[in-house]
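Structure first, commentary second.
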Amino acid sequence: MKLRLSLASLAAALLAAGCAIAPRPFQYTAPDQPEAASGYVDKPGWSTRSYAVAAANPLATDAGRQVLQAGGTAIDAAIAVQMVLTLVEPQSSGIGGGAFLLHYDGRQVEAYDGRETAPAAADEKLFLGADGKALPFHEAVVGGRSVATPGVLRMLELAHREHGKLPWAQLFQPAIQLAEGGFQVSPRLYSLLKAEQHLKKDEAAARYFYKPDGDPRDVGMIVRNPALAEVLRAVAERGADAFYQGPVARDIAAKVQGHPVNPGRLTEQDLAGYQPKKREALCSDWQRWRLCGFPPPSSGHLAIAQILGVMEHLPPVARPLDGDVPSVELLHAYTEAARLAFADRAQYVADPDFVPAPAGDWRSLIDPAYLRQRAALVGPQSMKTAQPGRPGGAQLSWAAQPEQVEHGTSHISIVDAQGRAVAMTTTIEDQFGSRQMVRGFLLNNQLTDFSLTPTDAAGKPVANRVQPGKRPRSSMSPTLVFEKDSGRLVMSAGSPGGSQIIHYTAKTLLGTLGWGLNAQQAIALPNFGSQNGPTQLEEKRFPAATLDGLKARGHEIRELPMTSGLQAIQRTPTGWFGGADPRREGIVMGD
């Protein structure tokens, strides 16, 4: 059964077509709600003429589509999408978390940083136990200790002030209506709730997500969230201050500080003082394309640009695809480049307000001369583990951060009828965040994106250690792509997936821009990568011959689920073509 797409008013349709007629107020119509099952479901990709929205849940995608149909901008649509995702995809993102948003207004790319910040009372020993060792991951995550100051609402408010067209309050209508009227539990949400071990420990979350017998609410069951609707209505009427000050902020701080086993340090003052940042987008050239991504505290674009740049200096791969899977030659070149990039990521990347860039400029990490030096380290056999380089002669003044767990997240790509575009990756970090529910939404566990250990064995500090007011390093990789010569926008893309976001996004760029696949074909390719350790391959997607070929080159193989959630929208001669990951429930909609 397909989603029923509501018709916009004639005035709104004319406006979307470029006619100078004042639109009627945006009026949201809730669609039918069946969704594809979680798991792997083949998707065709979607062609549109003038605008497109790609998001991780059909209800969220449809909300963004209706906003664009009513004459809203890409920023307007992103706000509506995010609010609905807070309701229907609570395991991944929401108003209790943060986001990185790239926006193209037809002239320039802007980077809006809504990353969470560490509380003023946090310190670098936050995640050390009584024995001086790092807490086990879920002991650090579950409770108040891991909760950072949420940033997404303040960031979206800033972006709307600068680029919104429809009134702020109207953009909350879809989520409020769905929260009050109810939405159907999706197969993916059900499967994640069934596997979840910690969410029931929170009384509010247990009542909301589970039935009295302890089983998750069934697929298709209608769930209402009046508490969230009340919060969203307050934010719609009074702006983000309704979240960051007053009763909502007081309840967030009380929840965090009052956890009976694992209290945290977030205060009302931390919430009231949060400020989003506008940063300079980090753009780099690759082949005939201009790739624009997010600068630190994101490691995403730097790592992607390093991987692609190193591969440019390696012998060309004659056959990147072997049938419908990446070839052994491509996988070897890619994962060796990835080892080099992740070694630098662990060594250098952190909040630029606390940690200086190597050689005084983050672009030193993607300088062609430096990448040529790094590429010279790649040989016919796997290096297994790479060491960090010294871009621009940088001194190794920090300890390398050990690799640790990163999960969660959602991605939104939007192009509006005027050619404005959004690539926004949004997160509460781990699946269901800190497992703390306040007023109908979940709080993030973003502080565990910092290094749990502040120093190495010799006492040398880790760049990405916890410090008051600091933003944790991220792998989120919202990406906008342009033709280098003409400057024309050609793609918006990104993915959830923790540190593997880097590989998922890079795979999609290689597939579309490098190998001539459409967005859906590139997204559907098997996933692969390396975090400077074993070579990771998506389980049950590669033939034995591929594994044997990599092992012959010295690779240690790990087959993993690698559940990406890619969204991408690419320009076509007749408009746009969108792809959504077959591993999750996202779809693309447009005119």
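The values are calculated or read from the model by the stated rules, or taken from the named source; none is laboratory data. This structure is a prediction, so every number in the text was calculated from the model and none was measured. Heads up, the Cβs are rebuilt from the backbone with ideal geometry, glycines too, and the neighbour counts pull from every protein chain shown.
Annotation: PRO561 fulfils all but one of (1) modelled with pLDDT of 95 or more; (2) over 17 Å from HIS301 (Cβ atoms); (3) surrounded by fewer than 23 Cβ atoms within 10 Å (Cβ to Cβ); the unmet one is (1). For the stretch 484-494, indicate whether the set of residues that are of a type in the set (A, V, I, L, M) and within 23 Å of ALA341 (Cβ to Cβ) is non-empty. Scanning the stretch 484-494 turns up at least one residue that is of a type in the set (A, V, I, L, M) and within 23 Å of ALA341 (Cβ to Cβ). For the criterion of being in contact with a Pro (Cβ under 6 Å, 6 or more places away or on another chain) and over 26 Å from ASP113 (Cβ atoms), TRP576 fails.
Considering the stretch 128-180 alone, what residues qualify as being touching a helix residue (DSSP H, G or I) at 6+ places or on another chain (Cβ under 7 Å), among the small types (Gly, Ala, Ser) and closer than 17 Å to PHE441 by Cβ? Residues satisfying the conditions are GLY144, SER146, ALA148, ALA175, ALA179. Annotation: GLU162 fulfils all but one of (1) outside any loop (DSSP other than H, G, I, E, B); (2) crowded, with 18+ Cβ neighbours inside 10 Å; the unmet one is (2).
Taken together, the criteria place ASP218 among residues that are assigned to a loop (DSSP other than H, G, I, E, B) and either at negative phi or surrounded by fewer than 20 Cβ atoms within 10 Å (Cβ to Cβ) (or both).
Keeping to the stretch 422-437, report how many residues are crowded, with 23+ Cβ neighbours inside 10 Å and on the phi < 0 side of the Ramachandran plot.
Initially, the stretch 422-437 is screened for residues crowded, with 23+ Cβ neighbours inside 10 Å, giving 422-430, 432-437.
Next, from what is left, pick out any that are on the phi < 0 side of the Ramachandran plot: 422-428, 430, 434, 436-437.
Adding up the residues that qualify gives 11.
Identify all residues within the stretch 183-200 that are surrounded by fewer than 16 Cβ atoms within 10 Å (Cβ to Cβ) and out of contact with any Ser or Thr (no Cβ under 7 Å at 6 or more places or on another chain); write none if there are none.
Residues of the stretch 183-200 surrounded by fewer than 16 Cβ atoms within 10 Å (Cβ to Cβ): 191, 194-195, 197.
LYS194, ALA195, GLN197 - these are the residues of the stretch 183-200 that are surrounded by fewer than 16 Cβ atoms within 10 Å (Cβ to Cβ) and out of contact with any Ser or Thr (no Cβ under 7 Å at 6 or more places or on another chain).
Here the condition is being over 17 Å from the mean Cα position of the chain (by Cα), more than 20 Å from GLY239 (Cβ to Cβ) and buried (at least 24 other Cβ atoms within 10 Å of the Cβ); of ARG107, ARG65, ARG49, it holds for ARG65 alone.
Looking across the stretch 424-477, the residues that are part of a loop (DSSP other than H, G, I, E, B), in contact with a Ser or Thr (Cβ under 9 Å, 6 or more places away or on another chain) and of a type in the set (Asp, Glu) come down to GLU429, ASP430. Of the helices (runs of 4 or more DSSP H) entirely within the stretch 234-327, those holding at least 1 residues that are in contact with a helix residue (DSSP H, G or I) (Cβ under 7 Å, 6 or more places away or on another chain) and of a type in the set (Phe, Trp, Tyr) occupy 241-244.
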